[in-house]
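The values are calculated or read from the model by the stated rules, or taken from the named source; none is laboratory data. Given the structure is predicted, the values throughout are model-derived calculations rather than measurements. In this analysis, Cβ positions are derived from the backbone assuming ideal geometry, glycine residues included, and neighbour counts consider all displayed protein chains. The area values use the complete protein model at the heavy-atom level, side chains included, leaving out ligands, DNA and RNA. Shrake-Rupley method; radii C 1.70, N 1.55, O 1.52, S 1.80 Å.
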Amino acid sequence: MNFDFSEDQKFIQEQARNFLSSECTTARVRQTLEGEQAYDQALWQQIVELGWPATAIAEDQGGLGLGYLELCVIAEELGRALAPVPFIASVYLAAEAIKLGADKAQQDSWLPQLAAGEWIGCLAVQEKPGALKLGQLATTVTDGKLSGKKTAVLHGAIADKAVVLATENDQPGLYLVDLSASSVSRKSLTSIDPTLPLAELTFDAVAAEKLADCKDIQTLLDTLYDRAAVLLAFEQIGGCDAALAMGKEYTVGRYAFGRQVASFQAIKHKFADMFVATELARSNAYYGAWALSADDAELPLAAATARVSAIDAYYECSKENIQAHGGMGFTWEFDCHLYYRRAQALSLILGGNPQWKELLVERLLRIKAA
Amino acid sequence: MDFKDTPEQAEFRKEVQAWLKANATAKTKDGGRTSQEEAYERAKAWYQKVYDAGYACPTWPKEYGGAGLTQIHKVIWSQEVSKYDEPDGYFVIGQGNCGPALMHFASEEQKTTLLPRMASAEDVWCQLFSEPSAGSDVAGLRTKAELKGDKWIVNGQKIWTSGAQHSDYGVILCRTDTEVSKYRGMTMFFIDMKQPGVDVQPIKQMDGGSHFNEVFFNNAEIPDSQRLGEVGGGWGAALLVLMNERLAISGVQPDGFPEFFELVQTLELDGEPVVNNPVVRDRLATWYTRHAGIKASTNRMLTAVAKGGMPGAEAALGKLVGAVMNQDIANYALQLMADTGAICDDALAPQKAHFQKSVLFAPGIRLAGGTDEVMRNIIAEQVLGLPQEPRADKGMAFKDIPSGNQH
Ligand SMILES: Cc1cc2nc3c(=O)[nH]c(=O)nc-3n(C[C@H](O)[C@H](O)[C@H](O)COP(=O)(O)OP(=O)(O)OC[C@H]3O[C@@H](n4cnc5c(N)ncnc54)[C@H](O)[C@@H]3O)c2cc1C
């Protein structure tokens, strides 16, 4: 047993942190936040050149053949830096959906392209508010043509291709759709975090290629969500750390009543609680990372645990960081709201906290019964 | 990262499992908790059995009564033994706190004679730090030790000393100089608790038990050879003990989750197990994330220690989160039982009235080993590096500092 990342993995993380702290400053994140661009194309290009999207893709499929542990440490840094790039959509969602649902020939053709950033992928599943129900899908496929409407598609407005959940002859499955087709219309939605933009996609009999290896779609989606839950948890703990560091720095430098604000016990205890929430989330995320990398049977419970604790921790850190800044924390100018927005947005990808808590309990009871 | 055993560790686990199967008491569905006093005799017998089998204090060197194994082996031992109904953490104060102090500061001869007896619980040890005027501010302690020849003469009073009534030895922190500032005038020793001049008086706790004590010293003697560390170096030595305490506690401290998980599956309300209730499920999920988080955090810290690190101040988090949760769970469990929740009879209340007993004992767990506020101060100052509390006693000689109750 060894409950820590290896030296090599820590080195990858350090490289990622150094790169992002110089290239992805919050000033740069703000260009996307302020709507100057839908995502940071130049940064994405650099990230592609560094090979990050290829991290957990096998070497014979054009990837680096590293693994999920390496992807987790990169995720933590992307979360810390609030990177305004389609990494979640393309890497954790589209590429993983293809790994799980596509057959060998499809994987051999698509994964190298995704690894090389030749196209950006996204995942389109949601049609209305609330938990996704497979039996209620309105998006359908007939004779290879897909029709319907998907909402809250992360990076859907700029992605090149989407993996779309739809039913054909009452059988739900995943389909790859080229979003540049004229029979696709896209509408950008106003997202709580403009650096993780959402879109509505309408398909009107667009050509769609079925991912050929989707047998049990519910299990496939569960696994896809579990994998993403772990990776998102790392983005979230990266954000927790950054929010905590920001609050510390501000209150250490600010004086009130003749003392450093950070010397008031109420403030210190606030930070202690933020630290505790982050550490619990981190430890749970490590466990999830291991279960993911070892493809262990404990992944479902570990992923749900990591997800719930990361959502709770990031909410706590990001909201209390605002309070620790006083009025400055409520301004557009200060970065506090960037973390707060990101915490909200990340918590809502793939189902919110109540949904994941319910999954956690179901899984706990299932293990107990076994 | 690998949460699974290496082949060698798997082998060890198998061996431990086989031994426990043959020697440990199985958990019953209605487990419940026995009071500290009831558990004492059982604990002595259990520790002796574990010692004879060679599993006591797994990380201690063999010549000191341990098994010479790693922190990871200790994790394996704890994971396996927690599946049984055995009082495996009972003597954690001795083995977890006093042991490391001896290991660090005692002479070779003392270590080879005393540590094996501590490992087998033949000798029971207690920790004599807190005093009536010195708890959170433990450096405010006044119990005085004065050197006469090669002996220290001790006078004063300790309080809240867990298990002192059963103890053969104690690690004690004394004031040896009142002219210097408070952190510089202390010295640590170990003391024979059965000698004349040491008077132990159990204190009745709010839950009705008497697990902790007042201890009065009236010209009790400590040979200078039982000094742990330098004269005046007591504070540094105490910090070492306290760090180890937090790590030791975070491994064995109850957080209430396993019992609660059992309860919600068996307790029925209106003909349905309460676990079907969405409100209960929400609480269950939140508490599970903390329970799993504490365990995984402890394992991460042990990995760091196994690689040669010191237990850090991070260890405070397991104690802080687990103790509060333990109380909240017990309270919630009673609420779920509605009117019958107030019934404390072992025969009637679920799990031998575990939750009723816990409601009454949990406040003490939050205090012992440092209060919630002190844990947060430690995390804020020692982990996060935030400014220290302004201190009104800075630069003053100890004798001039007001402390304790002034009302
Ligand atoms: C069940 C139990 C077992 C124990 N076993 C032992 C033992 O074996 N050996 C031993 O030496 N001691 C033991 N203790 C003592 C324990 O360590 C102390 O009770 C504890 O440290 C608190 O000290 P105090 O009781 O003097 O309370 P005080 O220090 O007077 O605290 C009163 C309140 O003031 C708060 N407070 C104090 N200082 C600060 C500060 N700087 N910032 C914010 N808040 C502050 C505290 O958090 C608390 O809420 C035990 C206690 C209990 C309850």
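Residue-wise test of (1) closer than 23 Å to A:G326 by Cα; (2) at the interface with chain B (Cβ under 9 Å from one of its Cβ atoms); (3) at pLDDT below 95.
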position	(1), (2), (3)
A:A228	no, no, no
A:L232	no, no, no
A:E235	no, no, no
A:C240	yes, no, no
A:L244	yes, yes, no
A:K248	yes, yes, no
A:V252	yes, yes, no
A:V261	yes, no, no
A:I267	yes, yes, no
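Restricting A:A294, A:A369, A:A313, A:A343 to those that are touching a residue at least 40 places away in the same chain (Cβ under 8 Å) and either within 13 Å of another protein chain (Cβ to nearest Cβ) or of a type in the set (D, E) (or both) reduces the list to A:A313.
Just one of the listed residues (A:R282, A:R307) is within 15 Å of the chain's Cα centre (by Cα) and within 12 Å of chain B (Cβ to nearest Cβ), namely A:R307. Scanning region B:170-182 for any residue that is of a type in the set (S, T, N, Q), modelled with pLDDT of 95 or more and open to solvent by 30 Å² or more (accessible area, probe 1.4 Å) turns up at least one such residue.
Report yes if some residue within region B:336-354 is in contact (Cβ under 8 Å) with a residue 24 or more places away in the chain and hydroxyl-bearing (S, T, Y); otherwise report no.
No.
The residues of region B:243-273 that are away from chain A (no Cβ under 12 Å) and at pLDDT 85 or above, listed by number, are B:P254, B:G256, B:E259, B:L263, B:L267, B:E268, B:G271, B:E272. Hey, any hits in region B:316-338 for a residue that's within 16 Å of the ligand (Cβ to nearest atom), open to solvent by 20 Å² or more (accessible area, probe 1.4 Å) and more than 25 Å from the chain's Cα centre (by Cα)? Looking for residues that are within 16 Å of the ligand (Cβ to nearest atom), open to solvent by 20 Å² or more (accessible area, probe 1.4 Å) and more than 25 Å from the chain's Cα centre (by Cα), one finds none in region B:316-338, hence no. Scanning region B:148-177 for residues that are within 13 Å of the ligand (Cβ to nearest atom), of a type in the set (A, V, I, L, M, F, W, C) and over 19 Å from B:A101 (Cβ atoms) returns a single hit, B:I159. Filtering A:S188, A:S180 for residues that are in contact with a strand residue (DSSP E or B) (Cβ under 8 Å, 6 or more places away or on another chain), among the small types (G, A, S) and open to solvent by 10 Å² or more (accessible area, probe 1.4 Å) leaves a single hit, A:S188. Any residue in region B:246-272 that's assigned to a helix (DSSP H, G or I): show its pairings with residues that are among the charged types (D, E, K, R) and open to solvent by less than 30 Å² (accessible area, probe 1.4 Å) at Cβ separation under 7 Å, as long as the two are six or more apart or on different chains. From residues that are assigned to a helix (DSSP H, G or I), the pairs are B:R246/B:K319; B:I249/B:K319; B:S250/B:K319.
Give the residue, chosen from A:E209, A:E200, that is surrounded by fewer than 23 Cβ atoms within 10 Å (Cβ to Cβ) and closer than 22 Å to A:Q41 by Cα.
A:E200
Could you list, in sequence order, the residues of region B:136-147 that are open to solvent by 60 Å² or more (accessible area, probe 1.4 Å), more than 9 Å from the ligand (Cβ to nearest atom) and not in a strand (DSSP E or B)? Matches in region B:136-147: B:R142 only. Taking A:T55, is it within 13 Å of A:A81 (Cα to Cα), among the hydroxyl-bearing types (S, T, Y) and within 20 Å of the chain's Cα centre (by Cα)? Spelling it out, it is not the case that A:T55 is within 13 Å of A:A81 (Cα to Cα), among the hydroxyl-bearing types (S, T, Y) and within 20 Å of the chain's Cα centre (by Cα).
Evaluated against (1) open to solvent by 20 Å² or more (accessible area, probe 1.4 Å); (2) in contact with a Phe, Trp or Tyr (Cβ under 8 Å, 6 or more places away or on another chain); (3) more than 14 Å from chain B (Cβ to nearest Cβ), A:L78 falls short on exactly one condition, (1). Would region A:35-48 turn up any residue that is touching a residue at least 40 places away in the same chain (Cβ under 8 Å), out of contact with any helix residue (DSSP H, G or I) (no Cβ under 8 Å at 6 or more places or on another chain), outside any helix (DSSP H, G or I) and not assigned by TED's automatic domain parsing to the domain that holds A:W332? Among the residues of region A:35-48, at least one is touching a residue at least 40 places away in the same chain (Cβ under 8 Å), out of contact with any helix residue (DSSP H, G or I) (no Cβ under 8 Å at 6 or more places or on another chain), outside any helix (DSSP H, G or I) and not assigned by TED's automatic domain parsing to the domain that holds A:W332, which makes the answer yes. Looking at B:Y47, B:Y55, just one residue is buried (at least 20 other Cβ atoms within 10 Å of the Cβ) and either within 16 Å of the ligand (Cβ to nearest atom) or part of a loop (DSSP other than H, G, I, E, B) (or both), and that residue is B:Y55. In region B:113-132, the residue that is nearest to the ligand (Cβ to nearest atom) out of those that are assigned to a loop (DSSP other than H, G, I, E, B) and touching a helix residue (DSSP H, G or I) at 6+ places or on another chain (Cβ under 6 Å) is B:F129. Could you count how many residues in region A:129-159 are in a loop (DSSP other than H, G, I, E, B) and over 20 Å from the mean Cα position of the chain (by Cα)? Looking only at that region, the number is 6.
Somewhere in region B:91-112, is a residue within 19 Å of the chain's Cα centre (by Cα) and either basic (K, R) or in a loop (DSSP other than H, G, I, E, B) (or both)? Yes. Of the listed requirements (1) assigned to a loop (DSSP other than H, G, I, E, B); (2) closer than 30 Å to B:R281 by Cα; (3) among the polar types (S, T, N, Q), B:S403 misses just one: (2).
Just one of (1) over 30 Å from B:D5 (Cβ atoms); (2) crowded, with 18+ Cβ neighbours inside 10 Å trips up B:W77, so point out which. Checking B:W77 against (1) over 30 Å from B:D5 (Cβ atoms); (2) crowded, with 18+ Cβ neighbours inside 10 Å, the one that fails is (1). Hey, any hits in region A:52-74 for a residue that's in a helix (DSSP H, G or I), open to solvent by 30 Å² or more (accessible area, probe 1.4 Å) and hydrophobic (A, V, I, L, M, F, W, C)? No, the conditions are met nowhere in region A:52-74. Among the residues of region A:59-117, the ones that are free of Cβ contacts under 8 Å to residues at least 12 places away in the same chain and hydroxyl-bearing (S, T, Y) come to 1 in all.
Within region B:185-203, is even one residue modelled with pLDDT of 95 or more, surrounded by fewer than 16 Cβ atoms within 10 Å (Cβ to Cβ) and within 12 Å of the ligand (Cβ to nearest atom)? Checked against the condition, which is being modelled with pLDDT of 95 or more, surrounded by fewer than 16 Cβ atoms within 10 Å (Cβ to Cβ) and within 12 Å of the ligand (Cβ to nearest atom), region B:185-203 yields at least one hit. When A:D222 is tested against (1) crowded, with 19+ Cβ neighbours inside 10 Å; (2) assigned by TED's automatic domain parsing to the domain that holds A:G352, only condition (1) is not met. Inside region A:1-22, residues that are crowded, with 16+ Cβ neighbours inside 10 Å and farther than 19 Å from A:R282 by Cβ make up a count of 1. Of the residues making up region B:373-407, those that are within 9 Å of chain A (Cβ to nearest Cβ), within 11 Å of the ligand (Cβ to nearest atom) and surrounded by fewer than 19 Cβ atoms within 10 Å (Cβ to Cβ) are B:E373, B:E381, B:Q388, B:E389, B:P390. Of all the criteria given as (1) away from chain A (no Cβ under 14 Å); (2) in contact with a Pro (Cβ under 7 Å, 6 or more places away or on another chain), the one not satisfied by B:L69 is (1).
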